[in-house]
1. Residues to consider are E68, E3, E24, E38; find the one that is touching a His at 6+ places or on another chain (Cβ under 9 Å) and of a type in the set (D, E, K, R).
2. Only residues that are assigned to a helix (DSSP H, G or I) and either in contact with a strand residue (DSSP E or B) (Cβ under 9 Å, 6 or more places away or on another chain) or not small (G, A, S) (or both): list them for the stretch 1-22, please.
3. Do you know which residues across the stretch 23-44 are assigned to a helix (DSSP H, G or I) and not hydrophobic (A, V, I, L, M, F, W, C)?
4. Output the number of the condition that I49 fails; it satisfies all remaining conditions of (1) assigned to a strand (DSSP E or B); (2) open to solvent by less than 70 Å² (accessible area, probe 1.4 Å).
5. State yes or no: is A54 surrounded by 10 or more Cβ atoms within 10 Å (Cβ to Cβ) and assigned to a loop (DSSP other than H, G, I, E, B)?
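The values are calculated or read from the model by the stated rules, or taken from the named source; none is laboratory data. What you are looking at is a predicted structure, and each value in this text was computed from that prediction instead of being measured. Note that we place each Cβ from the backbone using ideal geometry, even for glycine, and neighbour counts take in every protein chain shown. Surface areas here come from the heavy atoms of the whole protein model, side chains and all, with no ligands, DNA or RNA. Shrake-Rupley method; radii C 1.70, N 1.55, O 1.52, S 1.80 Å.
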Amino acid sequence: MGESKFHILKQLPSGWIAPSLLIEPGPARERSEHFRSELAKNGWTYPVILKPDASQRGAGLKLAHSFEEA
């Protein structure tokens with residue numbers, strides 16, 4: 001509880017988890033640009049699942065079908 005899911009998942013073999021990205025706290029514009037560039041760099045397409053790094057039982061989970069939804 002309260003631990004970084006991203007850092008826990010990074011300890012597992014990459015074939016065991018879905019590709020993921022951690023967007024650090026900061027100004028919304030910088031976070032948006034980072035998100036958009038990582039999607040393009042990795043060839044990821046929508047829909048994507050967005051979730052807080054430290055939450056429980058799906059709290060804050062969002063399915064985004066576009067950049068605007070994200």
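1. Matching residue, one of E68, E3, E24, E38: E24.
2. The answer is K5, F6, H7, I8, L9, W16.
3. Residues satisfying the conditions are R29, E30, R31, S32, E33, H34, R36, S37, E38, K41, N42.
4. (2)
5. It is true that A54 is surrounded by 10 or more Cβ atoms within 10 Å (Cβ to Cβ) and assigned to a loop (DSSP other than H, G, I, E, B).
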